[in-house]
Amino acid sequence: MKKLLITNSISVKLGLLFSGIFITLLFILGSILYGVFTHLFVDYIKQDLLVRGNNHAIVLKEQFNQPTIEHVVRMETGVTTKVLITDSGQRVLSGSIHVSRDVEKHLLAKDKKLTEGIVLESDWKHHNYLITVSPIGKNEGYVYMYYPSGILREIVIVLNVLMIVVGIGILLLAFGMIGILSRRLTKPLLMMKEATNEMELGNYRQNIPITGSDEIAQLGNSIQSLGEQLDYYENSRNDFLAAVSHELRTPLTYIRGYSDILIKGIDKSTEERREYLKIINEETKRISHLVNDLFDLSKLQAGKFELEKEWTDINWIIQKVITNLKPAAEKKNLQIKASLKDIPGVYLDTRKMEQVFYNLIENAIKYTTQGEISIRSYLEQELIIIKITDTGIGIPQSDLPKIWDRFYRVDQSRTRKTGGTGLGLYIVKKIIESHDGEITVESMENKGSAFTIYLKNNC
Ligand code: ADP
């Protein structure tokens, strides 16, 4: 399904998640505010009411007469709170509140005695007033103080409305911010999706313009370099197939041509026939060399590259390869100079090591037109060092790190002439590394190259 379902969109999921978190936080904050209000604020009002009632009671204790009572009542007019003063039998003497049934209902029982002021009614949600009562002297009378609960309920409503408005505001803001944030977050992901879709179609080189260094940017960079790798392997594979078919076609053409001549008997002399058979033999060797390389490659790829180690003389292997390749060098008027110092027996895979020297010396001959190829072997501390130097065309510095890659050939045109699949050095490096050794290269264009192998004396 190409089109993303809206509920599958990561921005929607993130939006919902963050909104959920915001709403929960808002709910918690609201509950805390509500709790603070109802407990602390209402407590404060009750205390204030009680203190004022007590103060009035103290004043009235001094002079419990009508003028003082009226004075106290006057003090409580024009304010939110109300006052009611009764005698010891709960008979109303004066007050700033209309004595309704509700008010009467809350008066103390006639025989009730108080030692100090108390809160009579604190249920502001269900009653009209918060009420306190303070005894005057030794219960000579009582001062009732009233605070209308309606005010508290109004404050709660205002507070609720305020919280809802603020909540909606915060939610809208949060949604906006989440929208922007999640789009910023998902945009690179969508770009990566597009890029991988393109890669699926074979357009491996993709530019994913992601900045920063967070995990998403790292993922983008990884996808981009993965694409570059795929592109490189795709090109290498194509080059490799072209190289292999070229490598096969040339010897096969020779073999078919010369064998045709031999079959038809149109050769002139025994000498000529021997020459043709030699060519056929040479070309067969070339094919088998190529097939061996391919075989080694497939074993390397499958991780089945096993060594058959034995005690052997490394100089003997080098000498054998030199002898085999001497004719090829002489054909190009190149000299092979060998300086092989005494090296004690080593434990290694003779056939594979032979392949290493064969590849390196053959390359040296292949890529050299004049001068010489020199091979040195010597011991340095615990290391056996073998150096193969030529005076050939060299390798550009930019190509040096890549020559060890599978199928890598420096300049396609030059290798097409010389042949080669770009497998040789890859296999060489693998063989050396499987012997715990190391191989390095130094080269200068048009001056020559030097490949150095380092093997442990007891490898
Ligand atoms: P090939 O089969 O193409 O020779 P290799 O893996 O042996 O493959 O070598 C990889 C590339 O490195 C070659 O294509 C060649 O361009 C370069 N190269 C290897 N050895 C030499 C050398 N002695 N002098 C110059 N270039 C070399």
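The values are calculated or read from the model by the stated rules, or taken from the named source; none is laboratory data. All values reported here derive from a predicted model rather than from experimental measurement. Methodologically, a virtual Cβ is constructed for each residue, glycine included, from the backbone with ideal geometry; neighbour enumeration extends over all protein chains shown. Each accessible area value is taken on the protein alone, full model and side chains, heavy atoms only, with ligands, DNA and RNA left out. Shrake-Rupley method; radii C 1.70, N 1.55, O 1.52, S 1.80 Å.
Below is a table of values for the structure above.
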item	result
Neighbours by Cβ (under 8 Å, 6+ apart or cross-chain): first from the stretch 53-75, without any contact (Cβ under 8 Å) to a residue 60 or more places away in the chain; second open to solvent by less than 60 Å² (accessible area, probe 1.4 Å) and in a helix (DSSP H, G or I)	V59/T68; V59/V72; E62/T68; T68/L60; I69/L60; M75/H56
Of the criteria (1) among the aliphatic types (A, V, I, L, M); (2) in contact (Cβ under 8 Å) with a residue 24 or more places away in the chain; (3) within 8 Å of the ligand (Cβ to nearest atom), which one V410 fails	(2)
Pick from the stretch 424-459, criterion β-branched (V, I, T) and away from the ligand (no atom under 12 Å from the Cβ), ranking: nearest to N292 (Cα to Cα)	I431
Members of the stretch 390-401 found to be more than 9 Å from the ligand (Cβ to nearest atom) and either open to solvent by 50 Å² or more (accessible area, probe 1.4 Å) or in a strand (DSSP E or B) (or both), listed by number	T391, Q397, S398, P401
Criterion: of a type in the set (K, R) and open to solvent by 80 Å² or more (accessible area, probe 1.4 Å) - qualifying residue of K309, K366, K331, K320	K331
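Residues checked against (1) among the β-branched types (V, I, T); (2) in a helix (DSSP H, G or I); (3) within 54 Å of the chain's Cα centre (by Cα):
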{"residue": "S245", "(1), (2), (3)": "no, yes, yes"}
{"residue": "T250", "(1), (2), (3)": "yes, yes, yes"}
{"residue": "Y258", "(1), (2), (3)": "no, yes, no"}
{"residue": "R273", "(1), (2), (3)": "no, yes, no"}
{"residue": "K285", "(1), (2), (3)": "no, yes, yes"}
{"residue": "L290", "(1), (2), (3)": "no, yes, yes"}
{"residue": "F295", "(1), (2), (3)": "no, yes, yes"}
